[in-house]
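Structure first, then comments.
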Amino acid sequence: MKVKLLPSSFEEDGSPSPRQHLACIVIDDIVSIDAGSLAMAATDTMRRQLRDVVVTHAHLDHIAGLPLYVDDLFATLDSPVRVHALAEVIEVLERDVFNWSVFPRFSELSTQMGPPIEYHTIEFGKLFNIRDLQFRLFPADHKVPSAGVTVSDANSTIAITGDTSSLDGLSQSVGGFENVKAILVECAFPDELSEIARSSHHMTPAVLRNELEKLPSDIEVFVINIKPRYREAVIAQIAGLKLANVNVMEVGKDYFW
Ligand SMILES: [Zn+2]
């Protein structure tokens, strides 16, 4: 499968910046995990093909691009944009985002093919399919109802943690790790901000090192969701862990598993 972390900000010359303000990971140009920068950074191919969004939780940096993406495609859609998420997450989207005040309630609008957005409630542990890909949500430790997600094709499985302060949900839910080729794991704050990380339910490099002991040591680990202001500090501290299987995921690069 092809996996890309979409950019969300730009350098002075207009080129994509590695700083990640928003969370949005696209699989095979057809499914997005979170939609932070989906409207802003999707390619034309994605705009044509991508109609499924798995939302890990309703924090703004994970959903900011969702209303704008549906709005952008509205006039040309021949099938709805399907949002797959926990019931609590869908409730927040409808109550606090698509509420007519912040943005139109697309689920109440009708086009030739019906409402332009369609919700699919997903429970932890249940397998669900989108095209040829298979997904499963696992619990994350965050301040609000949150999930991580595994994505599998015929050859490989990857896991994406979303925002979380531990890997308990992943280590207990995935079962065997034989087919798991890579884990994309958050690490929002540097160690000196461990108190903020703890209270906001995020990880620091020191926490990440301890949490990774719950997983097989040979799985490739790619760090995502680093707070832009602390990016350099977090990268230096991750390098200091001297874990050969842990790297920072590059924004805008195609990864294949
Ligand atoms: Zn969050």
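The values are calculated or read from the model by the stated rules, or taken from the named source; none is laboratory data. The model shown is predicted, which means the values in this text are computed figures rather than measured ones. Neighbour counts run over all protein chains shown; Cβ positions are idealised from the backbone, glycine included.
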Kindly indicate whether any position in the range 42-59 is within 18 Å of ILE158 (Cβ to Cβ), at pLDDT 95 or above and among the acidic types (Asp, Glu). yes
Test result for ALA197, in a helix (DSSP H, G or I), within 16 Å of the ligand (Cβ to nearest atom), farther than 13 Å from LEU167 by Cα and within 20 Å of the chain's Cα centre (by Cα): yes
Can you name the residue in the range 155-194 that is of a type in the set (A, V, I, L, M, F, W, C), within 16 Å of the ligand (Cβ to nearest atom) and assigned to a strand (DSSP E or B) and is also surrounded by the most Cβ atoms within 10 Å (Cβ to Cβ) among such residues? ILE160
Condition first: of a type in the set (A, V, I, L, M) and either modelled with pLDDT of 95 or more or farther than 20 Å from TYR255 by Cα (or both). Now tell me which residues in the range 202-223 satisfy that. MET203, ALA206, VAL207, LEU208, LEU212, LEU215, VAL221, VAL223
Cβ-Cβ under 7 Å, sequence separation 6+ or interchain: first residue in the range 130-154 and within 15 Å of the ligand (Cβ to nearest atom), partner among the acidic types (Asp, Glu). Which pairs? ALA140/ASP163; ASP141/ASP168; HIS142/ASP163; PRO145/GLU88; SER146/ASP163
If LYS214 satisfies all but one of (1) within 16 Å of the ligand (Cβ to nearest atom); (2) surrounded by fewer than 19 Cβ atoms within 10 Å (Cβ to Cβ), what's the number of the condition it fails? (1)
Please determine whether any residue of the range 137-150 is at pLDDT below 95, out of contact with any strand residue (DSSP E or B) (no Cβ under 7 Å at 6 or more places or on another chain) and within 18 Å of VAL55 (Cβ to Cβ). yes
Is one or more of the residues making up the range 174-182 more than 22 Å from ASP52 (Cβ to Cβ) and touching a Lys or Arg at 6+ places or on another chain (Cβ under 8 Å)? no
Consider THR56 carefully, then state whether it is polar (S, T, N, Q), under 15 Å from the mean Cα position of the chain (by Cα) and either surrounded by fewer than 22 Cβ atoms within 10 Å (Cβ to Cβ) or within 15 Å of the ligand (Cβ to nearest atom) (or both). yes
Return yes or no: is ARG209 within 25 Å of SER173 (Cα to Cα), assigned to a helix (DSSP H, G or I) and within 16 Å of the ligand (Cβ to nearest atom)? no
Go through (1) within 30 Å of SER15 (Cα to Cα); (2) buried (at least 21 other Cβ atoms within 10 Å of the Cβ); (3) within 18 Å of the chain's Cα centre (by Cα) and name the single condition VAL246 misses. (3)
Criterion first (buried (at least 20 other Cβ atoms within 10 Å of the Cβ), of a type in the set (Asp, Glu) and either closer than 24 Å to VAL3 by Cβ or within 16 Å of the ligand (Cβ to nearest atom) (or both)) does GLU220 satisfy it? no
Subset of the range 170-189 (residues that are of a type outside the set (A, V, I, L, M, F, W, C) and at pLDDT 95 or above): GLU186
Taking the range 31-52 as the search range and keeping residues that are away from the ligand (no atom under 16 Å from the Cβ) and within 23 Å of VAL144 (Cα to Cα), which one is surrounded by the fewest Cβ atoms within 10 Å (Cβ to Cβ)? ASP52
